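First up is the structure itself, then whatever we jot down about it.
The values are calculated or read from the model by the stated rules, or taken from the named source; none is laboratory data. Values in this document were obtained by computation on a predicted structure and should not be read as measured data. We place every Cβ from the backbone using ideal geometry, glycine too, and count neighbours over all the protein chains shown.
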Amino acid sequence: MNEKRKIRVATCSLAGCFGCHMSLLDIDEKLFDLLGVIEFDRTPFTDIKHCGPCDIGIVEGGVSNAENVHVLKEFRENCKVLVAIGACAITGGVPALRNNIDLWDCFQEVYLYEGGLEGNQIPNDPELPLPFDKVYPIYEVVKVDYFLPGCPPSADTIWKFLTDLIEGREPKLDYEMLHYD
Amino acid sequence: MEPHEFPHIEQQLAPVFERHGCEANQLLKILREVQEIFHFVPPAAITCVASHLGVPRTQVEGVAGFYFFLSLKSVGKYRLLFSDNVTDQMQGNPELMQYFCHKLWLEPGKVSEDNLLSVDSTSCTGMCDQGPAALVNGWPLTNLDRDRLDLIAELIHDKKPVCDWPSMLFEVKDNIRRAGTLLGEPFKPGAAIRATLDRGSAATLMEMEASGLRGRGGAGFSVARKWSLCRAAAGDHHYIVCNADEGEPGTFKDRVLLNSYADLICEGMTVGARIVGATQGFLYLRGEYRHLLKKLEEVLARRRATGLLGRSILGETGFDFDIEIHLGAGSYICGEESALIESLEGKRGRPRNRPPFPVTHGYLDQPTVVDNVETLACAARIALQGGEWFAAIGTTQSTGSKILSIAGDCARPGIYEYPFGITLHEILGDCGAEDPYAVQVSGPSGTLVSSKEFDRRISFEDLPTAGAFTVFKRGRDILQVVQNFAHFFAHESCGFCTPCRVGTQLQKKIVDKITHGHGTVYDLEELKHVGHIMQSMSHCGLGHTAANPVLDMLEKFPDAYEHKLKNFAFEPVFDLDGALETARNITGRDDAWAHLS
């Protein structure tokens, strides 16, 4: 096993809450088993800033701004298999609640009516990611190979999904892992 | 007073309640009248109707929100709905609608500031042979052009009631171009009932069996079998329903039958009632055909007066049967028999789980026969002239004749009756189709046929049809045709089951994407995948067939979409840079990070 090349995995969170990442960490002691066969490229765990060639890319969160698109495209270009994890990546999720609110109203509410440290003004620094008119699911921007639903998917679901994928099986989740009531 | 406040709503609705009583199954009828009085269904009316019928408010709002001709928001005193069927589109309806909106400073889908009028589009109004067509407050306008729209704008400006508008605007022609045994031979009202009484019910059922008559609504189920199942089913009451919810875009033969052959239809229902033991019949008339309501009511009244309906029909003691007309409210799915029954019961038109089938558990859970208009007309002929006579026409598996509604790129659109087994070549020749390239047989839910297949035959064994026959000449953009159909199904899906509700939306989005030049090979695969799920997993026929136009196009008309595809594997669904425009405007940014290529 050790002689085999480790499978390289990258993860990121776009417009998400890191809940899916927390759920990934919730696989607890199995993390050791996992780290026996995989190694992490760009993830919030490694703090590597850019993604290199990988086998699996796991994306949490929807696409809310221009920066998200750059990250997502980087993942797509570098990862053989791209996985959308959690409700936000798959549908836009909670951040997409803003889709029914006019963007100008959002900006006014946050920066003009409430007042900021710099007086009432809308920030325009090029370093700030520019928001889209709406939050989009990631499959509308790049091709996505697998969708792992849940908010977040449970640790067991993630474990089952990853082990299937790593061992070269078509991932298959039982009903128990996909219902949430 | 605010336009939406109704302090006297209870008094206003009292006569409506008096007419329809307080049974919950009267809900749709009551809401139709509410819509006529207020030009929408105001919240106060919902509360009032709910307490009158003793049903939850949500149920009333659910029904009011389901039907297109009922609206929860004000649509103005005049509501002009342009038919967006593909034939109306080819005849220039989108441009006419734009012209009209421009002229009156209107935006489609929004009511004018003085709350006088709104303009929108609607699914096929069944006037494909005399389009472009529209509905004004539910009344059909035909042969529209700019002059007529100018006149209409004036009439609305003068606030003239629609009933006082010049009648030439509302002229609807039959356009019968080819009549066969069903349309061509004379028929004396009462003759088929007399023959049934003389022969006896069981023997008449045998004649139906011998005739081989199959349902004309598309599915082709044996009429004799349906009737005998219902006849044998136990129940307190039996019902017979005439399905005149002719919603399949491009179909208008039932309109002509109802307009000029109503006696034949009523007669078929009465014969059916005698055989299955029904005392009550319903004619479910699509909302778009309300202009026929008065005429049909008169036919019913005359038949009652002459002993052909009512108590002791033709003097036969115990043979009691009457027909009630139930007006639909703009919903394609109500053409599906179990959804139609739900609608008859005053509910949302949502297809039921089957089995049990309507023949045992239909209207009010009682044994019910639902037959197409044309089927019932055929049944009346068979009752009179016998099964053998009928079976001699057509082919072995498809007996009798079929009425086609022909429209699109042909010189003589209208109604054509042919014996089953006729080839598309012959039909295209008869209707004067110029350089035909494709034909949509049986509407969007049917089959898109290419010119290579014009030797195929109209019949249950080859090309089954509910009647629509839409011709496209060479040069027509088939992708645009299919896009029209994809939008139609996305609009008409009842939303009950996920494969259809989501599938029709995905299909619409992807076809739009290809049309706008953003499609890739990946999208074609996705269309096939979605289509397969819809066909295999949907709850009812709408979902099963809604992918047909797309799949037919992918298979037979590669020229229609291939040149539109991008070469690379994936293309975003939306314009990335365009979606940043709003934020660029708000922040005033134009730096490199504020753009995406």
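Things worth noting here:
- Residue check, B:GLU526 among the charged types (D, E, K, R) and farther than 30 Å from B:ARG352 by Cβ: yes
- Restricting segment A:122-162 to residues that are more than 8 Å from chain B (Cβ to nearest Cβ) and more than 19 Å from the chain's Cα centre (by Cα) leaves a set whose member that is nearest to A:LEU97 (Cα to Cα) is A:LEU128.
- The set of residues in segment B:276-297 that are part of a helix (DSSP H, G or I), buried (at least 20 other Cβ atoms within 10 Å of the Cβ) and either without any contact (Cβ under 8 Å) to a residue 60 or more places away in the chain or not assigned by TED's automatic domain parsing to the domain that holds B:ALA232 (or both) comprises B:LEU292, B:LEU296.
- Checking B:LEU135 against (1) in a helix (DSSP H, G or I); (2) hydrophobic (A, V, I, L, M, F, W, C); (3) within 23 Å of B:SER71 (Cα to Cα), the condition it does not meet: (1)
- Boolean, B:LEU527 is out of contact with any Leu (no Cβ under 7 Å at 6 or more places or on another chain) and modelled with pLDDT of 95 or more: no
- Selection within segment B:40-71: residues that are part of a loop (DSSP other than H, G, I, E, B) and touching a residue at least 60 places away in the same chain (Cβ under 8 Å). The member of this set that is farthest from the chain's Cα centre (by Cα) is B:LEU70.
- Top-ranked residue in segment B:144-162 [being of a type in the set (Asp, Glu) and outside any loop (DSSP other than H, G, I, E, B); ranked as farthest from B:LEU96 (Cα to Cα)]: B:GLU154
- Where a residue in segment A:60-74 is closer than 15 Å to A:PRO95 by Cβ and more than 9 Å from chain B (Cβ to nearest Cβ) and its partner, wherever it lies, is among the polar types (S, T, N, Q) and not in a loop (DSSP other than H, G, I, E, B), with Cβ under 8 Å and at least six apart: A:GLU60/A:THR11; A:GLU60/A:SER13; A:GLY61/A:SER13; A:GLY61/A:ASN68; A:GLY62/A:ASN68; A:GLY62/A:THR91
- When residues in segment B:72-105 are screened for being in contact with a strand residue (DSSP E or B) (Cβ under 8 Å, 6 or more places away or on another chain), without any contact (Cβ under 8 Å) to a residue 40 or more places away in the chain and either buried (at least 21 other Cβ atoms within 10 Å of the Cβ) or not assigned by TED's automatic domain parsing to the domain that holds B:GLN130 (or both), 2 of them pass.
- In segment A:19-33, residue nearest to the chain's Cα centre (by Cα) [restricted to those that are part of a loop (DSSP other than H, G, I, E, B) and surrounded by fewer than 15 Cβ atoms within 10 Å (Cβ to Cβ)]: A:ASP28
- Taking the criterion of being within 12 Å of chain B (Cβ to nearest Cβ) and surrounded by 21 or more Cβ atoms within 10 Å (Cβ to Cβ), the only residue of segment A:75-119 that qualifies is A:LEU82.
- Residues located in segment B:542-592, provided they are in a helix (DSSP H, G or I), facing chain A (nearest Cβ under 8 Å), surrounded by fewer than 18 Cβ atoms within 10 Å (Cβ to Cβ) and at pLDDT 90 or above: B:GLU581, B:ARG584
- Candidate set from segment A:42-80 (those that are of a type in the set (Val, Ile, Thr) and within 14 Å of the chain's Cα centre (by Cα)); member that is nearest to A:ILE138 (Cα to Cα): A:VAL63
- For segment B:118-126, the count of residues that are farther than 30 Å from B:GLY467 by Cβ and either surrounded by 21 or more Cβ atoms within 10 Å (Cβ to Cβ) or not β-branched (Val, Ile, Thr) (or both) is at least one.
- Residue check, B:GLU95 farther than 27 Å from B:GLY346 by Cβ, at pLDDT 95 or above and either of a type outside the set (Val, Ile, Thr) or in a loop (DSSP other than H, G, I, E, B) (or both): yes
- Reported count of residues in segment B:224-265, each being part of a loop (DSSP other than H, G, I, E, B) and within 27 Å of B:SER445 (Cα to Cα), is 9.
- Checked across segment A:112-131, the condition of being out of contact with any His (no Cβ under 7 Å at 6 or more places or on another chain), under 20 Å from B:PRO572 (Cα atoms) and of a type outside the set (A, V, I, L, M) holds for at least one residue.
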